1. Count, please, the residues in the range 36-65 that happen to be within 32 Å of the chain's Cα centre (by Cα) and among the small types (Gly, Ala, Ser).
2. Within the range 223-235, track down each residue that is farther than 22 Å from ALA171 by Cβ and surrounded by 12 or more Cβ atoms within 10 Å (Cβ to Cβ).
3. For the range 252-304, give me the residue count where each residue is part of a helix (DSSP H, G or I) and modelled with pLDDT under 80.
4. Suppose we filter the range 104-129 for residues that are in contact (Cβ under 8 Å) with a residue 12 or more places away in the chain and of a type outside the set (A, V, I, L, M); how many remain?
5. Take THR217 and decide whether it is out of contact with any His (no Cβ under 6 Å at 6 or more places or on another chain), surrounded by fewer than 14 Cβ atoms within 10 Å (Cβ to Cβ), outside the structural domain of MET254 (by TED's automatic domain parsing) and of a type in the set (Val, Ile, Thr).
6. Check ARG251, ARG245 and return the single one that is under 20 Å from the mean Cα position of the chain (by Cα) and on the phi < 0 side of the Ramachandran plot.
7. When the range 12-40 is examined, which residues are found to be modelled with pLDDT of 85 or more and either more than 17 Å from GLN112 (Cβ to Cβ) or of a type in the set (Val, Ile, Thr) (or both)?
8. How many of the residues in the range 66-80 are surrounded by 16 or more Cβ atoms within 10 Å (Cβ to Cβ), over 29 Å from the mean Cα position of the chain (by Cα) and either more than 18 Å from VAL35 (Cα to Cα) or not assigned by TED's automatic domain parsing to the domain that holds GLN50 (or both)?
Amino acid sequence: MLAAAHRNRFLVLTLCTLGLAACGGGSSSSGSDAVIQMASEPAVVVINGQPVPQALLDALAKLRQLDLTRSEDYEKALKELTEYVLLAQEAKRENLTADSTYSAQVEIGRLQAVANASVLALRARAEIDPSILMAEYEDQLTKVGKFNYDLTQLVFATEEEALKAAGEVVAGKPFGTVFNEYNGSARQARSFAQMRLPQLPQAVAAALQDLKAGETTKVPIQTQAGWHLIHVDKIEPFVPPPFERVRDAIRERMAGQLVDERLAKLREEAKIDLVGQAPKAAEPAPAADAAAPKDGAAAGEKKD
């Protein structure tokens, strides 16, 4: 068993995820000492008179990515589940819920577990027509583009430096030579393989569409990273994965978007009454240009 200092929060979340009654609420099992909140049949084990359903062992195995058909995985899952039940029974005997801090930790763990399981269930139930999945696939292909690019770039801190390097390329010096000359002074000097347009800054992607393999941008491109001088090493057709291979991933992403939209609507329609007062947001620091004018000049006064 792991040290208690490293397991407390993990145990709370796992106990709640697996539906143990120590996390609050009633129990579907009979008897005042029951610690499981679900039907106990069919049971896989009985611990101090508490039937433990097979479904809990299955859930734990899925959580741990264990194969219950393998004896070592089965024993590992059963041992862990047994410890959870024993701890839940001990919590009940010790009346740990009388401690408000303990109860709050358990309850937030339970709510988190319910929320996470609900998201997964709602995603699985989402009905998305196959034609919509195909349309999303085709839309993504359009955005990705038809080519992969191998690139080498120099990124400079200033436009002046970038223009100087670009001028040498325009004058006929090979890009490789220019790259080696500025390798030490540039903010970045490196190559990239198999890049697609959506992976690149918009300004860079736009410039690449006008270049052929072996060509270099004649004018530096500005992004948040600095001033780019880019050389196209190679262009190859992009071969997308077949729809069948990515269909499930597309469905999962779209189902997640539907659940996010549903949650936003629930929050919008909910009646939420805040009891008490929320802390005030910190006031922003005054802007630098809001400081007193220098040399006694009046605010807004123009100076020649």
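The values are calculated or read from the model by the stated rules, or taken from the named source; none is laboratory data. These numbers were taken from a predicted model, which means no experiment stands behind them. When we count neighbours, we look across all protein chains shown, and the Cβ atoms used for this are built from the backbone with ideal geometry, even at glycine.
1. Residues in the range 36-65 being within 32 Å of the chain's Cα centre (by Cα) and among the small types (Gly, Ala, Ser): 3 in total.
2. THR223, ALA225, GLY226, LYS234, ILE235
3. Here the count works out to 6.
4. Summing the residues that are in contact (Cβ under 8 Å) with a residue 12 or more places away in the chain and of a type outside the set (A, V, I, L, M) in the range 104-129 gives 7.
5. Here the answer is no, as THR217 does not meet what is asked.
6. Being under 20 Å from the mean Cα position of the chain (by Cα) and on the phi < 0 side of the Ramachandran plot holds for just one of ARG251, ARG245, which is ARG251.
7. If the condition is that a residue be modelled with pLDDT of 85 or more and either more than 17 Å from GLN112 (Cβ to Cβ) or of a type in the set (Val, Ile, Thr) (or both), then VAL35, ILE36, MET38, ALA39 are the ones that fit.
8. Number of matching residues: 3.
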